[in-house]
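What follows is a set of notes on a single structure, which appears directly below.
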Amino acid sequence: MAATRSLSLHAAGWRAGVATVDITPKTSLWMAGFAARTQPSQGTAMPLHAKALALEDARGQRLVVVTLDVLGVTAGMSDRIGAAVATRHRVSRDRLLLASSHTHSGPVVDTQLMVAYDVTPQQRRDVETYTATFEAQVVDVVGRALRSLAPATLHAGEGTATFAANRRVQYAANGPVDHRVPMLRVDVGGSPKAILFSYACHNTTLPASHVEWHGDYAGVAQAAIEAATPGLTALFMTGCGADANPNPRGTRENVQQHGEALAKAVRDTMGALSPVEGPTRAAMALVDLPFAAALTPDEWKQRFRLADPYVARHSRLMDEVRARDGALPMSQKMPVQVWRFGTSLTLVTLGGEVVVDYALRLRRDHPDDHVWPVGYANDVFGYVPSKRILDEGGYEGGGALLYYGRPGPFDATVEDRIFASLERLMGSTR
């Protein structure tokens, strides 16, 4: 049975609404996540969704979380969606969260990870068309969730699932993981209406040879939870699990096994959660993460053992950026966001593929804040290594940034910069 750590706090007045939209591409597109894929999608094994949960506290302050069955959104997508939501639905950007499941069986969006894929000009245009449709669907589903606001109660706590395993086995046989399953249950009319939950693990159970749309273990878990409780909407966010993979992985049986295990962790815990009080407070910032240096093609190959065609594609992209902008970027902007629910819960969201060290440090530094760490939020621009992983190197320590079209690895200050910004946000929302 899943272990439970409930938050013993008092309930407060809330209103809540939820809405869902099917975002499964209607045509074949290139799939996101695996550079080893050799063809675009070939049908649908499980539909993909965008789901919006709108919350309003007793002061009328609103928060909206949108969970997305995609690898992640880009900064451009986040900016466009955020501006449209602010204009059409009057939700400010700091109170909108775009949280991706990071499934590797969803569509490529915008220009994300284009170094990894062998796409034709027409396939790029198809991705652009889908991206525009996707953005419109997200803005619409936010509006539908807001229009359905009704009196509600909120309850929070966490369970445990154990299938995540640290994948950096070349550095440590048993690296750190975060097996907690934080969750927020929303009841309307005395019955569960929504359950928001997360887990810190890559959605990479299915292999690169899988070419059908699928939400991976997170999609299976959401479907299983909803099937067990009619009328309930399950919404998944990925935690800080950039260095964790499902174990075992590689088959449809594995993805079903992990999805059902996660669903069980949620079901076993969701009846024993504690009330959440308001008011809500929100803050958001962009942190500049400097690159250590721009690497030459030979340096990418030698330092990170990377090969063509990816290094050659990256080199061409860097030439295009220099021609367009006059120079390569010296830093990457990372969105960080803090939502406080009274003294009940603190949701901390981080952009990029964030390694587990960030979640462990957040909880260690803030033991009394009931911190819920979430990664892959608002902009998935590349891996975000800790000091430890930067020192160790490897894929998460810098090599993966080539596929994201960045000029080189991050420098040694990034962890300190991120936590300095988070400390300011945590303080401003108290």
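The values are calculated or read from the model by the stated rules, or taken from the named source; none is laboratory data. What you are looking at is a predicted structure, and each value in this text was computed from that prediction instead of being measured. Every residue, glycine as well, gets a Cβ built from its backbone with ideal geometry; the counts of neighbours run over all protein chains shown. All accessible areas refer to the heavy atoms of the entire protein, side chains included, with ligands and DNA or RNA removed. Shrake-Rupley method; radii C 1.70, N 1.55, O 1.52, S 1.80 Å.
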> Looking at 288, 357, 368, which one is of a type in the set (D, E, K, R) and either buried (at least 23 other Cβ atoms within 10 Å of the Cβ) or farther than 19 Å from residue 424 by Cβ (or both)?
Replying inline: 357
> Considering only region 90-132, how many residues are polar (S, T, N, Q) and part of a loop (DSSP other than H, G, I, E, B)?
Replying inline: 6
> Assuming residue 153 fulfils every condition listed in (1) touching a strand residue (DSSP E or B) at 6+ places or on another chain (Cβ under 6 Å); (2) open to solvent by 10 Å² or more (accessible area, probe 1.4 Å); (3) under 30 Å from residue 28 (Cα atoms); (4) of a type in the set (S, T, N, Q) apart from one, which condition is it?
Replying inline: (3)
>> Just to verify a result, which residue in region 20-50, among those that are open to solvent by 10 Å² or more (accessible area, probe 1.4 Å) and part of a strand (DSSP E or B), is nearest to residue 103 (Cα to Cα)?
In response: 49
> Of all residues in region 319-350, how many are touching a helix residue (DSSP H, G or I) at 6+ places or on another chain (Cβ under 9 Å), aliphatic (A, V, I, L, M), in contact (Cβ under 8 Å) with a residue 12 or more places away in the chain and not in a strand (DSSP E or B)?
Replying inline: 1
> When only residues in region 1-19 that are modelled with pLDDT of 50 or more and in a loop (DSSP other than H, G, I, E, B) count, which is surrounded by the fewest Cβ atoms within 10 Å (Cβ to Cβ)?
Replying inline: 13
> Are there any pairs, at least 6 apart or on different chains, whose C-beta atoms fall under 7 Å, with the first in region 249-273 and over 16 Å from residue 164 (Cα atoms) and in contact (Cβ under 8 Å) with a residue 12 or more places away in the chain and the second open to solvent by 20 Å² or more (accessible area, probe 1.4 Å) and among the basic types (Lys, Arg), and if so, which?
Replying inline: 270/185; 273/185
> Cβ-Cβ below 6 Å, separation at least six or inter-chain, first residue in region 395-416 and over 21 Å from residue 361 (Cβ atoms) and of a type in the set (Lys, Arg), second at pLDDT 95 or above and part of a loop (DSSP other than H, G, I, E, B): which pairs?
Replying inline: 406/382
> Does residue 422 qualify as being at pLDDT 95 or above and buried (at least 21 other Cβ atoms within 10 Å of the Cβ)?
Replying inline: yes
> Does residue 158 qualify as being part of a strand (DSSP E or B) and out of contact with any Asp or Glu (no Cβ under 9 Å at 6 or more places or on another chain)?
Replying inline: yes
>> So for region 156-168 (the condition being without any contact (Cβ under 8 Å) to a residue 60 or more places away in the chain and open to solvent by less than 20 Å² (accessible area, probe 1.4 Å)), does at least one residue qualify?
In response: no
>> Going by what's in this entry, would residue 278 be described as within 22 Å of the chain's Cα centre (by Cα), in a loop (DSSP other than H, G, I, E, B), surrounded by 14 or more Cβ atoms within 10 Å (Cβ to Cβ) and touching a residue at least 24 places away in the same chain (Cβ under 8 Å)?
In response: no
> Within region 316-331, restricting attention to residues that are under 28 Å from the mean Cα position of the chain (by Cα) and closer than 21 Å to residue 117 by Cβ, which residue is surrounded by the most Cβ atoms within 10 Å (Cβ to Cβ)?
Replying inline: 318
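A quick yes/no check of all residues on (1) in a loop (DSSP other than H, G, I, E, B); (2) under 18 Å from the mean Cα position of the chain (by Cα); (3) without any contact (Cβ under 8 Å) to a residue 60 or more places away in the chain; (4) over 19 Å from residue 116 (Cβ atoms):
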position: 208; (1), (2), (3), (4): yes, no, no, no
position: 211; (1), (2), (3), (4): yes, no, no, no
position: 219; (1), (2), (3), (4): no, yes, no, yes
position: 223; (1), (2), (3), (4): no, no, no, yes
position: 226; (1), (2), (3), (4): no, no, yes, yes
position: 235; (1), (2), (3), (4): no, yes, no, yes
position: 241; (1), (2), (3), (4): yes, yes, no, yes
